[in-house]
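Everything below concerns the one structure shown next.
Throughout, read-outs are computed from the coordinates displayed, never taken from laboratory work. The model shown is predicted, which means the values in this text are computed figures rather than measured ones. FYI the Cβ positions are ideal-geometry reconstructions off the backbone, even for glycines, and counts take in every protein chain you see.
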Amino acid sequence: MDAEHNRRHVVAVARAAFAADGLDLPVHEIARRAGLGVATVYRHFPSRQDLVGAVLAEQVAVCRAQMRAALDDPDPWRALRGTVHRFAEGQVRDRGLNGALLGSHPAGAAFAGQRRAQARRLEQLVERARSAGGVRPELSVEDVRIGLRAIASFRAGSPESAAAAVRRLADLLVAGMARPHP
């Protein structure tokens, strides 16, 4: 394998491992799951923090691209609804990464500026949906944030039951945001 392939492979394996098991997973476990030696991982990422930072930066880039796509959607209600559902899916799939980015994990501190930018984009998304009449007129961005925090904080037994419960919670949030039909 060439060096760039190894680097991408390590990031992909670390992303999946951190998403499932949290950021405290040791580098030797990442190396084992990647089928590489620990020295190979450290050649690409001189410190554990470098690896964590690369994985979180990739996660932030994905979230930013998703929000930009939502803002480009000509249907503001569909865009907001899709954003809530993508957020919920991400909470199930990427819990360990999102916990760092949305919580108080020290590794997430480097992304505070990006979090603020995403918060502004969410405000735009909610305002667009409200202006277009797709949501309840009294819906505020804070209402949406409360719903997203509820989704992010939800814990359930098995991964399967958590996925089903988070999807249901997202559906309830979306139903509560929608403008009632006469």
Neighbour-count ranking [beta-carbon atoms within 10 angstrom, fewest first] of Asp24, Asp73: Asp24, Asp73
- prompt: Taking the Cα atoms only, what angle lies between the long axis of helix 3-21 and the longest principal axis of the chain, rounded to 10 degrees?
  reply: 60 degrees
field: Order of Phe18, Phe154 - criterion: other Cβ atoms within 10 Å of each residue's Cβ, fewest first
entry: Phe154, Phe18
- prompt: Over the range 3-177, what relative contact order in percent results from Cα pairs under 8 Å that are six or more residues apart?
  reply: 23 percent
Rounded to 10°, Cα long-axis angle of helix 112-131 versus longest principal axis of the chain: 20 degrees
query: With axes computed from alpha carbons, what is the tilt in degrees of helix 48-72 against the longest principal axis of the chain, rounded to the nearest 10 within 0 to 90?
result: 30 degrees
query: Along the positive direction of the dipole of the range 3-177 (beta-carbon charges: Lys, Arg +1; Asp, Glu -1; about the Cα centre), which of Val55, Ala70, His44 reaches farthest?
result: His44
query: Using alpha carbon coordinates only, what is the Rg to Rh ratio of the chain, with Rh defined as the Kirkwood radius?
result: 1.04
- prompt: Dipole size in debye (nearest 20) for the range 43-91 around its Cα centre, Lys and Arg Cβ +1, Asp and Glu Cβ -1?
  reply: 120 debye
- request: With a cut-off of 20 Å, note down the residues of the range 82-110 whose backbone N falls inside the zone around a label point 7 Å from the Cα of Ser161 toward its beta carbon.
  value: 89, 91-96
